[in-house]
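To keep things clear, I will list the structure first and then write my remarks on it.
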Amino acid sequence: MYFTLNRDCCSRRNKTVLRAFTLVELLVVIAIIAVLIALLLPAVQAAREAARRMQCTNHLKQFGTAIHNFHDVRKGLPPTTPGDCRVGTFFLLAPFYEQNALWDLLMRETDNMGDRCHGAWWKTQPEANRIAISSVPIMKCPTRRSGVAKMELEDMSDPGNWNSGDDAPLGPRGDYAIPFSRGPRFESVDDFQERAHGIKWDCYWEPWNRDWIGVDCSPFRVAVVKRMDSSVDWYLDPGFKDWKPRDTFAAIKDGTSNQFFIGEKHIPTSRLNQCPNGGQVWDCGMLYPGGDWRQISYGRGLANFETELQQVIVSAPDAFADGHPYQYSFGSWHPGTCNFLMGDSAVKGVSTTTSTLIMCRLGCVNDGQSVSLP
(Lines give C-alpha, C1' and ligand atoms only; values in the text may rest on other atoms or scores of the structure.)
Protein backbone atom coordinates (compact mmCIF):
# COMPACT_ATOMS: atom_id res chain seq x y z
CA MET A 1 0.00 0.00 0.00
CA TYR A 2 2.81 2.44 0.89
CA PHE A 3 4.61 1.76 -2.40
CA THR A 4 1.44 2.31 -4.40
CA LEU A 5 0.73 5.67 -2.73
CA ASN A 6 4.23 6.94 -3.48
CA ARG A 7 3.89 5.92 -7.10
CA ASP A 8 0.57 7.78 -7.38
CA CYS A 9 2.11 10.91 -5.86
CA CYS A 10 5.04 10.79 -8.24
CA SER A 11 2.65 10.26 -11.10
CA ARG A 12 0.64 13.33 -10.10
CA ARG A 13 3.81 15.39 -9.80
CA ASN A 14 4.93 14.26 -13.23
CA LYS A 15 1.59 15.19 -14.71
CA THR A 16 1.86 18.66 -13.15
CA VAL A 17 5.26 19.22 -14.72
CA LEU A 18 3.99 18.17 -18.12
CA ARG A 19 1.23 20.82 -18.01
CA ALA A 20 3.71 23.79 -17.78
CA PHE A 21 4.62 26.03 -20.77
CA THR A 22 7.87 25.36 -22.47
CA LEU A 23 10.26 28.23 -23.15
CA VAL A 24 9.43 28.13 -26.86
CA GLU A 25 5.71 28.33 -26.15
CA LEU A 26 6.22 31.29 -23.83
CA LEU A 27 8.26 33.13 -26.44
CA VAL A 28 5.59 32.49 -29.06
CA VAL A 29 2.89 33.92 -26.77
CA ILE A 30 5.00 37.01 -26.06
CA ALA A 31 5.62 37.48 -29.78
CA ILE A 32 1.89 37.26 -30.53
CA ILE A 33 1.10 39.83 -27.83
CA ALA A 34 3.80 42.14 -29.19
CA VAL A 35 2.37 41.87 -32.71
CA LEU A 36 -1.12 42.64 -31.44
CA ILE A 37 0.13 45.70 -29.56
CA ALA A 38 2.01 46.87 -32.64
CA LEU A 39 -1.18 46.54 -34.68
CA LEU A 40 -3.41 48.23 -32.11
CA LEU A 41 -1.12 51.07 -31.01
CA PRO A 42 -1.40 53.13 -34.23
CA ALA A 43 -5.19 52.82 -34.06
CA VAL A 44 -5.20 53.95 -30.42
CA GLN A 45 -2.89 56.85 -31.21
CA ALA A 46 -5.02 57.86 -34.17
CA ALA A 47 -8.13 57.80 -31.99
CA ARG A 48 -6.43 59.94 -29.36
CA GLU A 49 -5.25 62.42 -31.99
CA ALA A 50 -8.74 62.59 -33.45
CA ALA A 51 -10.08 63.45 -30.01
CA ARG A 52 -7.39 66.10 -29.49
CA ARG A 53 -8.03 67.61 -32.90
CA MET A 54 -11.75 67.73 -32.14
CA GLN A 55 -11.01 69.57 -28.91
CA CYS A 56 -8.75 71.98 -30.81
CA THR A 57 -11.54 72.56 -33.30
CA ASN A 58 -13.92 73.20 -30.41
CA HIS A 59 -11.59 75.88 -29.03
CA LEU A 60 -11.63 77.69 -32.36
CA LYS A 61 -15.40 77.33 -32.50
CA GLN A 62 -15.65 78.98 -29.08
CA PHE A 63 -13.55 81.86 -30.37
CA GLY A 64 -15.92 82.20 -33.30
CA THR A 65 -18.96 82.38 -31.04
CA ALA A 66 -17.17 84.88 -28.82
CA ILE A 67 -16.34 87.12 -31.81
CA HIS A 68 -19.97 87.20 -32.91
CA ASN A 69 -21.15 87.89 -29.36
CA PHE A 70 -18.56 90.65 -29.05
CA HIS A 71 -19.87 92.17 -32.28
CA ASP A 72 -23.44 92.12 -30.99
CA VAL A 73 -22.50 93.80 -27.70
CA ARG A 74 -19.77 96.22 -28.79
CA LYS A 75 -21.19 96.87 -32.28
CA GLY A 76 -17.99 95.91 -34.00
CA LEU A 77 -15.26 93.33 -34.45
CA PRO A 78 -12.67 92.90 -31.70
CA PRO A 79 -9.55 94.98 -32.45
CA THR A 80 -6.00 93.67 -32.48
CA THR A 81 -5.50 95.91 -29.45
CA PRO A 82 -6.58 99.28 -28.07
CA GLY A 83 -2.94 100.39 -28.44
CA ASP A 84 0.69 99.69 -27.78
CA CYS A 85 1.20 96.86 -25.27
CA ARG A 86 -2.46 96.81 -24.27
CA VAL A 87 -4.50 93.63 -24.07
CA GLY A 88 -4.84 91.88 -27.43
CA THR A 89 -7.69 90.25 -29.33
CA PHE A 90 -7.69 86.89 -27.54
CA PHE A 91 -7.99 88.53 -24.14
CA LEU A 92 -10.40 91.26 -25.24
CA LEU A 93 -12.74 88.36 -26.03
CA ALA A 94 -12.39 86.81 -22.55
CA PRO A 95 -15.85 87.83 -21.22
CA PHE A 96 -17.42 86.31 -24.31
CA TYR A 97 -15.94 82.83 -23.88
CA GLU A 98 -16.90 82.64 -20.20
CA GLN A 99 -13.66 83.97 -18.71
CA ASN A 100 -15.09 86.92 -16.80
CA ALA A 101 -12.75 86.31 -13.88
CA LEU A 102 -9.76 86.60 -16.22
CA TRP A 103 -11.14 89.83 -17.67
CA ASP A 104 -11.77 91.31 -14.24
CA LEU A 105 -8.22 90.41 -13.21
CA LEU A 106 -6.69 92.07 -16.27
CA MET A 107 -8.79 95.20 -15.96
CA ARG A 108 -8.03 95.53 -12.27
CA GLU A 109 -4.29 95.05 -12.71
CA THR A 110 -4.02 97.42 -15.71
CA ASP A 111 -6.33 100.15 -14.38
CA ASN A 112 -8.86 99.38 -17.11
CA MET A 113 -6.08 99.31 -19.71
CA GLY A 114 -4.73 102.68 -18.67
CA ASP A 115 -1.44 100.85 -17.99
CA ARG A 116 0.42 98.74 -20.50
CA CYS A 117 0.75 95.03 -19.73
CA HIS A 118 4.28 94.54 -21.09
CA GLY A 119 7.24 92.66 -19.62
CA ALA A 120 7.72 94.94 -16.63
CA TRP A 121 4.05 94.59 -15.75
CA TRP A 122 4.20 90.81 -16.08
CA LYS A 123 7.25 90.46 -13.84
CA THR A 124 5.56 92.39 -11.04
CA GLN A 125 2.43 90.22 -11.08
CA PRO A 126 1.95 87.72 -8.24
CA GLU A 127 2.61 84.13 -9.22
CA ALA A 128 -1.07 83.30 -8.74
CA ASN A 129 -1.99 85.91 -11.36
CA ARG A 130 0.59 84.64 -13.83
CA ILE A 131 -0.71 81.09 -13.46
CA ALA A 132 -4.33 82.21 -13.86
CA ILE A 133 -3.59 84.19 -17.02
CA SER A 134 -1.52 81.35 -18.51
CA SER A 135 -3.81 78.41 -17.79
CA VAL A 136 -6.90 79.21 -19.88
CA PRO A 137 -7.56 75.96 -21.84
CA ILE A 138 -9.05 77.67 -24.90
CA MET A 139 -5.69 79.25 -25.72
CA LYS A 140 -3.99 75.89 -26.25
CA CYS A 141 -4.32 73.04 -28.73
CA PRO A 142 -4.15 69.74 -26.77
CA THR A 143 -2.13 68.09 -29.54
CA ARG A 144 0.65 70.53 -28.71
CA ARG A 145 0.25 71.25 -24.98
CA SER A 146 -2.04 71.75 -22.02
CA GLY A 147 -1.90 73.08 -18.49
CA VAL A 148 0.00 76.23 -17.56
CA ALA A 149 2.03 77.73 -20.43
CA LYS A 150 3.90 80.92 -19.66
CA MET A 151 6.97 82.83 -20.77
CA GLU A 152 8.78 84.00 -17.64
CA LEU A 153 12.34 84.98 -18.51
CA GLU A 154 13.70 86.83 -21.49
CA ASP A 155 16.91 85.72 -23.16
CA MET A 156 18.93 88.89 -23.55
CA SER A 157 21.66 87.30 -25.67
CA ASP A 158 20.61 89.75 -28.37
CA PRO A 159 19.18 92.62 -26.29
CA GLY A 160 18.86 94.97 -29.25
CA ASN A 161 15.87 92.95 -30.42
CA TRP A 162 14.02 93.50 -27.16
CA ASN A 163 15.17 97.10 -26.53
CA SER A 164 15.10 96.28 -22.84
CA GLY A 165 14.17 93.41 -20.57
CA ASP A 166 10.94 95.20 -19.70
CA ASP A 167 9.86 95.16 -23.33
CA ALA A 168 10.53 91.46 -23.88
CA PRO A 169 7.36 89.53 -24.79
CA LEU A 170 6.73 87.78 -21.50
CA GLY A 171 3.36 86.36 -20.57
CA PRO A 172 1.06 83.47 -21.46
CA ARG A 173 1.82 81.27 -24.43
CA GLY A 174 -0.81 80.06 -26.85
CA ASP A 175 -1.29 78.07 -30.04
CA TYR A 176 -3.51 80.34 -32.13
CA ALA A 177 -2.91 83.49 -34.13
CA ILE A 178 -4.91 86.07 -36.04
CA PRO A 179 -3.96 86.67 -39.69
CA PHE A 180 -2.16 89.85 -40.73
CA SER A 181 -2.55 90.90 -44.34
CA ARG A 182 -2.03 93.93 -46.52
CA GLY A 183 -4.12 95.09 -49.47
CA PRO A 184 -5.30 96.06 -51.97
CA ARG A 185 -6.39 93.49 -54.53
CA PHE A 186 -3.70 91.25 -55.96
CA GLU A 187 -3.77 88.92 -58.93
CA SER A 188 -0.86 86.60 -58.20
CA VAL A 189 1.48 85.49 -55.45
CA ASP A 190 4.18 87.74 -56.90
CA ASP A 191 1.79 90.68 -56.88
CA PHE A 192 0.85 89.98 -53.29
CA GLN A 193 4.50 89.73 -52.30
CA GLU A 194 5.36 92.98 -54.05
CA ARG A 195 2.64 94.83 -52.17
CA ALA A 196 3.51 93.20 -48.86
CA HIS A 197 7.28 93.63 -49.17
CA GLY A 198 8.69 96.12 -46.70
CA ILE A 199 5.52 96.33 -44.66
CA LYS A 200 5.91 97.56 -41.09
CA TRP A 201 4.28 95.81 -38.18
CA ASP A 202 3.21 99.26 -36.97
CA CYS A 203 -0.16 99.02 -38.70
CA TYR A 204 -1.16 96.24 -36.34
CA TRP A 205 -0.67 98.02 -33.06
CA GLU A 206 -0.27 101.80 -33.49
CA PRO A 207 -3.74 103.39 -33.22
CA TRP A 208 -2.74 106.79 -34.61
CA ASN A 209 -0.72 105.70 -37.61
CA ARG A 210 -3.48 106.33 -40.15
CA ASP A 211 -1.32 105.58 -43.19
CA TRP A 212 -0.55 102.06 -42.09
CA ILE A 213 -4.06 101.35 -40.86
CA GLY A 214 -5.38 102.17 -44.30
CA VAL A 215 -3.42 99.37 -45.98
CA ASP A 216 -4.24 96.76 -43.35
CA CYS A 217 -6.82 94.39 -44.84
CA SER A 218 -6.83 91.95 -41.95
CA PRO A 219 -10.10 90.95 -40.29
CA PHE A 220 -9.05 92.64 -37.04
CA ARG A 221 -7.49 96.10 -36.87
CA VAL A 222 -6.46 98.37 -34.02
CA ALA A 223 -9.21 100.09 -32.07
CA VAL A 224 -10.31 103.68 -32.53
CA VAL A 225 -8.82 105.61 -29.61
CA LYS A 226 -9.33 109.28 -29.02
CA ARG A 227 -6.21 111.20 -28.04
CA MET A 228 -7.17 112.91 -24.80
CA ASP A 229 -3.98 114.38 -23.39
CA SER A 230 -1.27 115.58 -25.79
CA SER A 231 0.95 116.65 -22.91
CA VAL A 232 1.96 113.07 -22.09
CA ASP A 233 3.62 110.34 -24.10
CA TRP A 234 1.10 108.78 -26.45
CA TYR A 235 1.43 105.32 -24.93
CA LEU A 236 0.55 106.69 -21.48
CA ASP A 237 -2.47 108.61 -22.69
CA PRO A 238 -5.56 107.85 -20.55
CA GLY A 239 -7.59 107.77 -23.75
CA PHE A 240 -6.80 104.08 -23.92
CA LYS A 241 -9.56 103.54 -21.39
CA ASP A 242 -12.07 104.85 -23.91
CA TRP A 243 -11.90 102.91 -27.17
CA LYS A 244 -14.28 101.40 -29.68
CA PRO A 245 -14.00 98.80 -32.46
CA ARG A 246 -12.79 100.09 -35.80
CA ASP A 247 -14.73 97.73 -38.08
CA THR A 248 -17.97 95.77 -38.27
CA PHE A 249 -18.81 92.64 -40.23
CA ALA A 250 -19.63 94.98 -43.11
CA ALA A 251 -15.87 95.38 -43.61
CA ILE A 252 -15.65 91.72 -44.69
CA LYS A 253 -16.43 92.51 -48.32
CA ASP A 254 -15.65 89.00 -49.55
CA GLY A 255 -18.12 87.38 -47.17
CA THR A 256 -17.49 85.87 -43.77
CA SER A 257 -17.39 82.31 -45.13
CA ASN A 258 -14.44 83.36 -47.33
CA GLN A 259 -12.33 84.92 -44.59
CA PHE A 260 -9.80 83.53 -42.13
CA PHE A 261 -10.29 84.83 -38.60
CA ILE A 262 -7.96 82.68 -36.51
CA GLY A 263 -5.57 79.85 -37.32
CA GLU A 264 -3.10 77.56 -35.62
CA LYS A 265 0.39 79.04 -35.63
CA HIS A 266 3.51 77.20 -36.69
CA ILE A 267 5.78 76.28 -33.79
CA PRO A 268 8.41 73.64 -34.60
CA THR A 269 8.67 70.77 -32.15
CA SER A 270 12.20 71.86 -31.28
CA ARG A 271 11.07 75.44 -30.58
CA LEU A 272 8.15 74.76 -28.25
CA ASN A 273 8.42 76.94 -25.13
CA GLN A 274 11.36 78.84 -26.61
CA CYS A 275 11.67 82.58 -27.13
CA PRO A 276 15.41 83.19 -27.42
CA ASN A 277 15.54 86.64 -29.03
CA GLY A 278 13.92 88.91 -31.58
CA GLY A 279 14.99 86.74 -34.50
CA GLN A 280 13.44 83.51 -33.23
CA VAL A 281 10.10 84.40 -31.68
CA TRP A 282 8.43 81.06 -32.20
CA ASP A 283 6.63 80.72 -28.90
CA CYS A 284 6.63 83.90 -26.81
CA GLY A 285 3.97 85.49 -24.64
CA MET A 286 0.76 86.43 -26.47
CA LEU A 287 -1.05 88.62 -23.94
CA TYR A 288 -0.48 91.82 -25.88
CA PRO A 289 0.93 93.02 -29.20
CA GLY A 290 3.30 95.94 -29.47
CA GLY A 291 6.64 96.99 -30.90
CA ASP A 292 9.66 94.86 -31.70
CA TRP A 293 8.70 91.27 -32.46
CA ARG A 294 5.74 90.72 -30.20
CA GLN A 295 3.23 90.72 -33.05
CA ILE A 296 4.36 87.35 -34.35
CA SER A 297 3.66 85.73 -30.99
CA TYR A 298 0.16 87.04 -31.38
CA GLY A 299 -0.53 86.95 -35.12
CA ARG A 300 0.85 85.44 -38.31
CA GLY A 301 1.37 87.15 -41.62
CA LEU A 302 0.30 85.96 -45.03
CA ALA A 303 3.56 87.03 -46.61
CA ASN A 304 7.11 87.24 -45.43
CA PHE A 305 7.79 90.86 -44.60
CA GLU A 306 11.52 90.46 -45.19
CA THR A 307 12.80 89.14 -48.50
CA GLU A 308 10.79 86.33 -50.05
CA LEU A 309 7.37 84.77 -49.97
CA GLN A 310 6.89 82.50 -47.01
CA GLN A 311 5.19 79.14 -46.97
CA VAL A 312 1.87 80.17 -45.45
CA ILE A 313 1.11 76.73 -44.00
CA VAL A 314 4.14 74.73 -42.93
CA SER A 315 3.76 71.09 -43.82
CA ALA A 316 5.47 69.37 -40.88
CA PRO A 317 5.58 70.06 -37.13
CA ASP A 318 9.37 69.96 -37.05
CA ALA A 319 9.97 71.92 -40.25
CA PHE A 320 12.08 75.07 -40.52
CA ALA A 321 13.14 75.24 -36.91
CA ASP A 322 15.91 77.66 -37.80
CA GLY A 323 14.37 79.24 -40.88
CA HIS A 324 13.69 82.82 -39.88
CA PRO A 325 10.80 83.56 -42.30
CA TYR A 326 8.78 80.60 -41.13
CA GLN A 327 8.11 81.96 -37.69
CA TYR A 328 5.55 84.07 -39.56
CA SER A 329 3.71 80.96 -40.76
CA PHE A 330 0.62 79.06 -39.77
CA GLY A 331 0.87 75.36 -39.02
CA SER A 332 -0.19 72.67 -36.58
CA TRP A 333 0.92 69.36 -35.15
CA HIS A 334 -2.08 67.62 -36.70
CA PRO A 335 -0.98 65.33 -39.55
CA GLY A 336 -1.39 67.04 -42.92
CA THR A 337 -3.81 69.75 -41.86
CA CYS A 338 -4.14 73.03 -40.00
CA ASN A 339 -7.36 74.27 -38.42
CA PHE A 340 -8.72 77.71 -39.27
CA LEU A 341 -11.71 79.61 -37.93
CA MET A 342 -13.68 81.29 -40.69
CA GLY A 343 -15.68 84.49 -40.29
CA ASP A 344 -18.99 82.63 -40.17
CA SER A 345 -17.74 80.61 -37.15
CA ALA A 346 -17.16 77.49 -39.22
CA VAL A 347 -13.89 75.68 -38.48
CA LYS A 348 -12.12 74.11 -41.45
CA GLY A 349 -9.15 71.83 -41.63
CA VAL A 350 -6.93 73.28 -44.36
CA SER A 351 -4.54 70.94 -46.13
CA THR A 352 -0.87 71.81 -45.88
CA THR A 353 -0.72 71.54 -49.69
CA THR A 354 -3.24 74.36 -50.23
CA SER A 355 -2.13 76.98 -52.74
CA THR A 356 -0.32 79.96 -51.26
CA LEU A 357 -2.40 82.27 -53.45
CA ILE A 358 -5.64 80.83 -52.02
CA MET A 359 -4.29 81.32 -48.51
CA CYS A 360 -3.38 84.94 -49.21
CA ARG A 361 -6.79 85.72 -50.66
CA LEU A 362 -8.56 84.14 -47.69
CA GLY A 363 -6.63 86.48 -45.42
CA CYS A 364 -7.64 89.73 -47.11
CA VAL A 365 -11.14 91.02 -46.30
CA ASN A 366 -11.72 93.26 -49.31
CA ASP A 367 -9.78 92.11 -52.36
CA GLY A 368 -13.01 91.11 -54.08
CA GLN A 369 -11.74 87.61 -54.80
CA SER A 370 -13.89 84.93 -53.23
CA VAL A 371 -12.19 81.56 -53.28
CA SER A 372 -13.03 78.09 -52.04
CA LEU A 373 -10.79 75.72 -50.18
CA PRO A 374 -10.03 72.47 -51.99
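Determine if region 164-182 includes at least one residue that is outside any loop (DSSP other than H, G, I, E, B), at pLDDT 75 or above, among the charged types (D, E, K, R) and out of contact with any Pro (no Cβ under 8 Å at 6 or more places or on another chain).
No, that holds for no residue.
Kindly check whether there is at least one residue in region 73-85 that is closer than 29 Å to residue 237 by Cβ, outside any helix (DSSP H, G or I), open to solvent by 60 Å² or more (accessible area, probe 1.4 Å) and not β-branched (Val, Ile, Thr).
Yes, region 73-85 contains a residue that is closer than 29 Å to residue 237 by Cβ, outside any helix (DSSP H, G or I), open to solvent by 60 Å² or more (accessible area, probe 1.4 Å) and not β-branched (Val, Ile, Thr).
Would it be correct to say that residue 45 is assigned to a loop (DSSP other than H, G, I, E, B) and either polar (S, T, N, Q) or open to solvent by 10 Å² or more (accessible area, probe 1.4 Å) (or both)?
no
Being closer than 27 Å to residue 349 by Cβ and open to solvent by less than 10 Å² (accessible area, probe 1.4 Å): is that true of residue 40 here?
No.
Looking only at region 352-372, count how many residues are assigned to a loop (DSSP other than H, G, I, E, B) and crowded, with 21+ Cβ neighbours inside 10 Å.
4
Looking at region 238-286, which of the residues that are without any contact (Cβ under 8 Å) to a residue 24 or more places away in the chain and part of a loop (DSSP other than H, G, I, E, B) is farthest from residue 302 (Cα to Cα)?
Looking at the filtered set, the residue picked out is 242.
Have a look at 90, 96 and point out the one that is out of contact with any Cys (no Cβ under 8 Å at 6 or more places or on another chain), among the aromatic types (Phe, Trp, Tyr) and open to solvent by 40 Å² or more (accessible area, probe 1.4 Å).
Just a single option satisfies the conditions, and that option is 96.
Quick test of your reading of the structure: residue 222 fulfils all but one of (1) part of a loop (DSSP other than H, G, I, E, B); (2) without any contact (Cβ under 8 Å) to a residue 40 or more places away in the chain. Name the failing condition by number.
So the condition that residue 222 fails would be (2).
Could you list, in sequence order, all residues of region 64-78 that are touching a helix residue (DSSP H, G or I) at 6+ places or on another chain (Cβ under 7 Å) and under 17 Å from residue 177 (Cβ atoms)?
The answer is 66, 77, 78.
When you scan region 108-117, how many residues do you find that are closer than 17 Å to residue 130 by Cβ and open to solvent by 20 Å² or more (accessible area, probe 1.4 Å)?
So the count comes out to 4.
Mind checking which pairs have a first residue in region 307-333 that is among the charged types (D, E, K, R) and a second that is modelled with pLDDT of 70 or more and open to solvent by 20 Å² or more (accessible area, probe 1.4 Å), Cβ under 7 Å, 6 or more apart or different chains?
Going by the 7 Å Cβ cut-off, the qualifying pairs are 318/269; 318/270.
Output the number of residues of region 107-145 satisfying the condition of being among the polar types (S, T, N, Q), in contact with a Pro (Cβ under 6 Å, 6 or more places away or on another chain) and assigned to a loop (DSSP other than H, G, I, E, B).
Residues meeting the conditions: 0.
The values are calculated or read from the model by the stated rules, or taken from the named source; none is laboratory data. Just so it is clear, the model here is predicted, and its values are computed rather than measured. Positions of Cβ are generated from backbone atoms using ideal geometry, with glycine treated the same way; all protein chains shown enter the neighbour counts. The area values use the complete protein model at the heavy-atom level, side chains included, leaving out ligands, DNA and RNA. Shrake-Rupley method; radii C 1.70, N 1.55, O 1.52, S 1.80 Å.
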